[in-house]
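Structure first, then comments.
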Amino acid sequence: MVWRGSSSVQDRIYACLTYLVPILEVLGLGSFLISAIPIFGFLILPLLPISAIYHASIGGFAVIQIGAFLGLYLGVVRNETLSYLLRFYAMQSLLLAIIVALFSALLTGISPTLFLLGGAAALIVGTLCSVIFLGIIAASIFCIVQAARGLYAELPFISEAAYSQIR
């Protein structure tokens, strides 16, 4: 845990809100788990209206997703007038969102091949999606709790990358 001074309640709230980005990004990967365990569907139900707006496309482009990413990166992470805590959590949440985006792109690229392999491949892909879904949700909840406490959440590799981007 790195301590870089005190943070205001407002900074802590904003730091928690940055984790909406990775949570909204990973919701699509949870469909296999949600169909297997319906209680997860009830837990994410409040996020569905926000997710619909977040994933809406204008002219085929995910304008809101790109705007959220650029807004957090350019408006928060690179803004040295904001608190270190807020900038750290914004960068860490963006890194989690990038992990989800890379995995989704990989999955989209190999999905035609997996379709030809049949049921075993679908089970493997469903399991991988569920692991990514649960991992990102768990990491986000952990980071939200730590941010609300005013502490720095240490996630292996991700925290070091976040520190290196905002130093």
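The values are calculated or read from the model by the stated rules, or taken from the named source; none is laboratory data. For clarity, every value in this text was computed on a predicted model and none was experimentally measured. Every residue, glycine as well, gets a Cβ built from its backbone with ideal geometry; the counts of neighbours run over all protein chains shown.
Does Q65 fit the bill of being at pLDDT 90 or above and not hydrophobic (A, V, I, L, M, F, W, C)?
Values: at pLDDT 90 or above: no; not hydrophobic (A, V, I, L, M, F, W, C): yes.
Against the criterion (at pLDDT 90 or above and not hydrophobic (A, V, I, L, M, F, W, C)), Q65 does not qualify.
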- Message: For the condition modelled with pLDDT of 90 or more, on the phi < 0 side of the Ramachandran plot and surrounded by fewer than 16 Cβ atoms within 10 Å (Cβ to Cβ), what is the one hit in L116, L70, L85?
- Response: L70
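Of these, F42, F103, which one is under 21 Å from G126 (Cβ atoms), more than 19 Å from the chain's Cα centre (by Cα), part of a helix (DSSP H, G or I) and hydrophobic (A, V, I, L, M, F, W, C)? Don't jump to the end; show me each part of the working.
On the way: F103 fails: more than 19 Å from the chain's Cα centre (by Cα).
Selected residue: F42, the only one of F42, F103 that is under 21 Å from G126 (Cβ atoms), more than 19 Å from the chain's Cα centre (by Cα), part of a helix (DSSP H, G or I) and hydrophobic (A, V, I, L, M, F, W, C).
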- Item | Among the candidates I64, I158, residue that is β-branched (V, I, T) and surrounded by fewer than 18 Cβ atoms within 10 Å (Cβ to Cβ) | I64
- Note on the structure: Sole miss for G109 among (1) within 16 Å of L24 (Cβ to Cβ); (2) surrounded by fewer than 15 Cβ atoms within 10 Å (Cβ to Cβ) is condition (1)
- Residues of segment 15-39 satisfying the condition of being among the aromatic types (F, W, Y) and within 12 Å of the chain's Cα centre (by Cα): Y19
- Task: From V125, V21, V26, grab the single residue that is surrounded by 10 or more Cβ atoms within 10 Å (Cβ to Cβ), in a helix (DSSP H, G or I) and at pLDDT below 85.
- Result: V125
